[in-house]
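Down below is the structure, laid out as structure tokens.
The values are calculated or read from the model by the stated rules, or taken from the named source; none is laboratory data. Since this is a predicted model, take the numbers as computed values, not measurements. Cβ coordinates were reconstructed from backbone atoms using ideal geometry, including for glycine residues, and neighbour counts include every protein chain displayed.
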Amino acid sequence: MARKQVFTKHRSLFDRNVPGTTAVLAKKTVAVAGCGGLGSTAAIALVRAGVGHLIIADFDRVEASNLNRQQYFTGDIGRKKTAALSAHLKKINPSLKIVCVDKMLGPKDIQKLFTKADLMIEAFDRAESKQWLIEAWTQAFPDRPVICGNGLAGIGNTETLRVVKFSDNVYFCGDGKSDMSIGLCSARVAIVANMQANTAISLLVQK
């Protein structure tokens, strides 16, 4: 395929985006901590919107039990989540710049690994992990937003799902109360993940 054809094909990916956003988002870097239901779904939304740089972090491998809500396929089972997700994202936009962090994150990693990120999508499962990430992020990068998932389990009423600005640069997306013990449904998880992505896009474009 000729170079001109490749460029035209790539450019058409974003022809239907909100005018004026593509050029801005192409220069932005978003960190995604956790590549499960929230992280994998939010990452796809961000790439489709035109975000040009991602840093994705997860230590885990894809399991069959992930497939009800996470953006993977049966052929991905056994692969590192970062590798599988990176491959899928590059199929959407081959020009995407992506860094994969294959490790279990801790508070000391945040400043070192995410210095180039304009904002953070928090996509962990455990409440204690969410807490230390928020604390570490706001301490390391007080002027950069962190967008968290908070309450996404179950099915049904979506009117309880909202975006709450907790403090200057901390946002919570979800219902704020549902516990994962009641089960996870792809539709509700995806709504919250896309709320995170939508909030991120809005903040990035405003900067």
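Any idea how many residues of the stretch 25-57 are part of a loop (DSSP other than H, G, I, E, B) and farther than 22 Å from ALA187 by Cα?
6
When ILE44 is evaluated against the numbered criteria (1) more than 8 Å from the chain's Cα centre (by Cα); (2) within 17 Å of THR199 (Cα to Cα); (3) surrounded by fewer than 23 Cβ atoms within 10 Å (Cβ to Cβ), which criterion, by number, is the only one it fails?
The failed condition is (1).
Take the stretch 97-112 and flag every residue that is farther than 11 Å from ILE56 by Cβ and either of a type in the set (D, E, K, R) or surrounded by 15 or more Cβ atoms within 10 Å (Cβ to Cβ) (or both).
LYS97, LYS103, LEU105, LYS108, ASP109, ILE110, LYS112
List pairs: first residue in the stretch 175-202 and touching a residue at least 24 places away in the same chain (Cβ under 8 Å) and within 14 Å of ILE155 (Cα to Cα), second residue among the β-branched types (Val, Ile, Thr) and assigned to a helix (DSSP H, G or I) anywhere in the structure, Cβ distance under 8 angstrom, at least six positions apart or on different chains.
VAL189/THR41; ALA190/THR41
Restricting attention to the stretch 63-102, which residues are out of contact with any Leu (no Cβ under 9 Å at 6 or more places or on another chain), hydrophobic (A, V, I, L, M, F, W, C) and outside any helix (DSSP H, G or I)?
LEU67
Name every residue in the stretch 103-116 that is among the polar types (S, T, N, Q) and either under 20 Å from ALA190 (Cβ atoms) or in a helix (DSSP H, G or I) (or both), in order of residue number.
GLN111, the sole residue that qualifies.
What residue, among those in the stretch 20-40 that are polar (S, T, N, Q) and either out of contact with any Asp or Glu (no Cβ under 8 Å at 6 or more places or on another chain) or buried (at least 24 other Cβ atoms within 10 Å of the Cβ) (or both), is nearest to ARG126 (Cα to Cα)?
Ranking the qualifying residues of the stretch 20-40, first place goes to SER40.
Out of all the residues in the stretch 62-93, which are buried (at least 18 other Cβ atoms within 10 Å of the Cβ) and either in contact with a helix residue (DSSP H, G or I) (Cβ under 7 Å, 6 or more places away or on another chain) or of a type in the set (Ser, Thr, Tyr) (or both)?
Listed by number, the residues that qualify are VAL62, ARG69, GLN70, GLN71, TYR72, ASP76, THR82, ALA84, LEU85, SER86, LEU89, ASN93.
Residues that are at pLDDT 90 or above and surrounded by fewer than 19 Cβ atoms within 10 Å (Cβ to Cβ): list the strands (runs of 3 or more DSSP E) wholly contained in the stretch 131-207 that include at least 1 such residues.
Hits in the stretch 131-207: 162-167, 170-174.
What residue, of THR82, THR74, is under 29 Å from GLY176 (Cα atoms) and hydroxyl-bearing (Ser, Thr, Tyr)?
THR82
Among what's in the stretch 117-130 and is in contact with a Lys or Arg (Cβ under 9 Å, 6 or more places away or on another chain) and not in a loop (DSSP other than H, G, I, E, B), pick the residue that is surrounded by the fewest Cβ atoms within 10 Å (Cβ to Cβ).
LEU119
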